[in-house]
Amino acid sequence: MNHDSSRELYDRALSSIPGGVNSSVRAIRPYPFFIERGDGGHVIDADGNRYLDFVNGYGPLLYGHDLPQPVQSAVQSTVSEGPMYGAPTEIEVDLAEFVSRHVPSVEMIRFVNSGTEATVSAIRLARGYTGRDKIVVMQGGYHGAQESTLVEGEDGHVHPSSPGIPEEFAQHTIPVPFNDVDAVQDVFAAHGDEIAAVLTEPILGNTGIVHPVEGYHETLRDLTEDHDALLIFDEVITGFRVGGLQCAQGKFGVTPDVTTFGKIVGGGFPVGAIGGKAEIIEQFTPAGEVFQSGTFSGHPVTMAAGYESLKYAAENDVYEHVNALGEQLREGLTEIVADRAPSYTVAGTDSMFKVLFTREGPDSTEGQCEAGCRQRPDCPRYDHCPKNGADVADCEDERWERLFWPAMKEQGIFLTVNQYESQFVSYAHTEEDVETLLSAYEEAL
Ligand code: PMP
């Protein structure tokens, strides 16, 4: 493949944009390919190379790169009437009502502009509502580029994970290992009346994919209820992706107090949202006193794209299609991995998937992982599959980034360059695309 144009663009970008990219995950070594346009399930780069795209914008693109006609029309007609107003519009109410109708925990919702903004506001809301400061998060969980959750360590030894965050901020955050019931019980035993909220992704999608073990979310629900703390699900990735329109909380049957959204709910445009019980969400200004505001919040173009995208999904076979392809993909990968790389783990659910480069355990060739590891205790490889951030951090990321990712790219497959981020199937993909992907995995492995 020729990449001359991408290389030239990257050289230019390095002089005017730090690291040449506007989001760190896009920095691919030795240089990223620059995208010229999307086409259904594909992207085409600046040198005319075509890739089957399983990054899908890191999650927002449920439909891939061809928006359904009603979504396109709504976006175009909204733009033609002027981009935004600084005053409310009907489409914000339409989308708020739609989300409240479908997502079990949501009675009210406030729209913002990114997943990060949503989790920042959700944490402020939980602290304002409970009058407490401490937030429990999962080690390896990701909630955006924000001060309260960019931390590492464990209770009593917590530090910011980035320069620029005061040490004192980290003292209010308690990271625990995902799926470890004893650890979170201990934290509540020690700090129960200081904890404002437990904040977790229902499925770890940025360090993973890691599924909850049976009963884990129920434990979080019981503990938070018993201690008058809030349970916040960060459904920025899983929202309207896992569990269809009910989101992961509907699939798992666990109802959080507050949910953060992003990605799909904006139909491919910048978005975030904080939803939950009316009594809690109404603490936001101007109904309540927890300050929350934004020039672009509830942007008409985003609201139109989000509303029409979700309405289209409600009226068509969107989730059936992407979930069936996800299943075909995980089953195919499981067979390939069993044959070629038996220590690796296939993870994912619905339209999310990932092959984790887990390392060989002492008896790791015993049995086969069930397709799309769901942390089921009856799986023969249950003991070997990653159950928390530390297990995932133990995977071979060098091999993924240096060898595997380029080998896939050369075959025209675009995957997330970071070994730990989820990959996604879109409505634009076909069974043939999945077969193409499987052949590429087989070749690369
Ligand atoms: N929460 C989760 C679970 C995410 O996956 C992300 C982004 N990948 C965020 C929050 C932050 O969202 P954004 O990048 O839109 O700020």
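The values are calculated or read from the model by the stated rules, or taken from the named source; none is laboratory data. Predicted, not measured: the structure shown is a model, and the values here were computed from it. Neighbour counts run over all protein chains shown; Cβ positions are idealised from the backbone, glycine included.
The test for being buried (at least 24 other Cβ atoms within 10 Å of the Cβ) and assigned by TED's automatic domain parsing to the domain that holds LEU231 holds for GLY267. Among the criteria (1) more than 14 Å from ARG7 (Cβ to Cβ); (2) over 21 Å from the mean Cα position of the chain (by Cα), the one TYR63 does not fulfil is (2). Remark: pairs (first residue in the range 111-131, closer than 19 Å to HIS299 by Cα; second residue among the aliphatic types (A, V, I, L, M) and in a helix (DSSP H, G or I); Cβ separation under 8 Å; 6+ apart in sequence or on different chains) = PHE111/LEU95; PHE111/ALA96; PHE111/MET303; VAL112/ALA118. The residue that is farthest from the ligand (Cβ to nearest atom), among those in the range 237-265 that are part of a loop (DSSP other than H, G, I, E, B) and more than 14 Å from GLY276 (Cα to Cα), is GLY253.
When VAL355 is tested against (1) assigned by TED's automatic domain parsing to the domain that holds ASP433; (2) surrounded by 17 or more Cβ atoms within 10 Å (Cβ to Cβ); (3) assigned to a helix (DSSP H, G or I), just one condition goes unmet, and that condition is (3). If you go through the range 33-66 and keep only what is surrounded by fewer than 21 Cβ atoms within 10 Å (Cβ to Cβ), away from the ligand (no atom under 16 Å from the Cβ) and not hydrophobic (A, V, I, L, M, F, W, C), you end up with GLU36, ARG37, GLY38, ASP39, GLY40, HIS42, ASP47, GLY48, ASN49, ARG50, HIS65, ASP66.
So which residues in the range 46-64 are in contact with a helix residue (DSSP H, G or I) (Cβ under 6 Å, 6 or more places away or on another chain) and either free of Cβ contacts under 8 Å to residues at least 60 places away in the same chain or over 15 Å from GLU421 (Cα atoms) (or both)? Matches in the range 46-64: ALA46, ASP47, LEU52, LEU62. In the range 23-41, the residues that are more than 25 Å from TYR63 (Cβ to Cβ) form Cβ pairs under 9 Å with partners that are exposed (fewer than 15 other Cβ atoms within 10 Å of the Cβ) and acidic (Asp, Glu), at six or more places apart or across chains, as follows: TYR31/ASP11. Listed here are the strands (runs of 3 or more DSSP E) enclosed by the range 1-120 that have at least 1 residues being not assigned by TED's automatic domain parsing to the domain that holds ASN206: 35-39, 42-45, 50-53. In the range 129-167, the residue that is nearest to the ligand (Cβ to nearest atom) out of those that are over 22 Å from ASP391 (Cα atoms) and buried (at least 19 other Cβ atoms within 10 Å of the Cβ) is SER148. Checked against the criterion of being within 26 Å of VAL184 (Cα to Cα), away from the ligand (no atom under 15 Å from the Cβ), modelled with pLDDT of 95 or more and crowded, with 21+ Cβ neighbours inside 10 Å, the candidates VAL106, VAL75, VAL99 yield just one match: VAL106. Conditions first: (1) assigned to a loop (DSSP other than H, G, I, E, B); (2) within 16 Å of the ligand (Cβ to nearest atom). TYR427 passes all but one, so which condition is the exception? So the condition that TYR427 fails would be (2).
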